[in-house]
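Below is one structure, written out as structure tokens; the observations come after it.
The values are calculated or read from the model by the stated rules, or taken from the named source; none is laboratory data. What you see is a predicted model, and the numbers here were worked out from it, not measured in a lab. Every residue, glycine as well, gets a Cβ built from its backbone with ideal geometry; the counts of neighbours run over all protein chains shown.
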């Protein structure tokens, strides 16, 4: 009996030595990133959220324009940022980013300002420090006028006094119908557009 037990033990040992993968190999340690490190990295990531728009209600008009000069970061077709100051281009209205021609207007303004220093004469400041200004390139070109001439912005006579109206292209108000509706106080047109966009997105899901 004792011999049989020894024989079986030898057979089991031989089987374990010969069978590949019979022994479990310990798993290599897995790298686990430090959650606090990732959180701190995210906290320093730049925000892509655009700044809120200028509010004309309660804004202060400056008797003597304040000059801001520097390279411009473009927010949309009528809003730039220079030296951390948000500036709305004087006297015009361009489409919002998510409206028809909104992206085209933004990139047209990017093209105008790229590689140039922009000089801004700030005329109005709202209660949050956001400004309206007349913006010029070094060669004297008025950014508001250039955007209107390209058909990517329209004159806003309430604020401009109509100085850019004659520069509008023939189809500008037809293309930028949402901006035109805003000037006329027809905000229900915007609400309908937003609703239609929402319905279109939902139908694709």
Here, helices (runs of 4 or more DSSP H) confined to the stretch 102-193 with at least 2 residues that are modelled with pLDDT under 95 are 157-160, 177-183
Spot the failing condition for residue 152; the list is (1) out of contact with any strand residue (DSSP E or B) (no Cβ under 6 Å at 6 or more places or on another chain); (2) in contact (Cβ under 8 Å) with a residue 24 or more places away in the chain; (3) surrounded by fewer than 23 Cβ atoms within 10 Å (Cβ to Cβ), and only one is missed.
(3)
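Can residue 165 be described as in contact with a helix residue (DSSP H, G or I) (Cβ under 9 Å, 6 or more places away or on another chain) and within 27 Å of residue 64 (Cα to Cα)?
Against the criterion (in contact with a helix residue (DSSP H, G or I) (Cβ under 9 Å, 6 or more places away or on another chain) and within 27 Å of residue 64 (Cα to Cα)), residue 165 qualifies.
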So residue 198 clears everything in (1) in contact with a strand residue (DSSP E or B) (Cβ under 9 Å, 6 or more places away or on another chain); (2) surrounded by fewer than 11 Cβ atoms within 10 Å (Cβ to Cβ); (3) in a helix (DSSP H, G or I) except one condition, right? Which one?
(1)
Check residue 193 against each of (1) more than 23 Å from residue 135 (Cβ to Cβ); (2) surrounded by fewer than 13 Cβ atoms within 10 Å (Cβ to Cβ) and name the one condition it does not meet.
(2)
Given (1) more than 16 Å from residue 92 (Cβ to Cβ); (2) surrounded by 11 or more Cβ atoms within 10 Å (Cβ to Cβ); (3) in contact (Cβ under 8 Å) with a residue 12 or more places away in the chain, index of the condition residue 169 fails
(1)
Which residue is surrounded by the most Cβ atoms within 10 Å (Cβ to Cβ), if the candidates are limited to the stretch 126-143 and must be within 25 Å of residue 98 (Cβ to Cβ) and in contact with a helix residue (DSSP H, G or I) (Cβ under 8 Å, 6 or more places away or on another chain)?
135
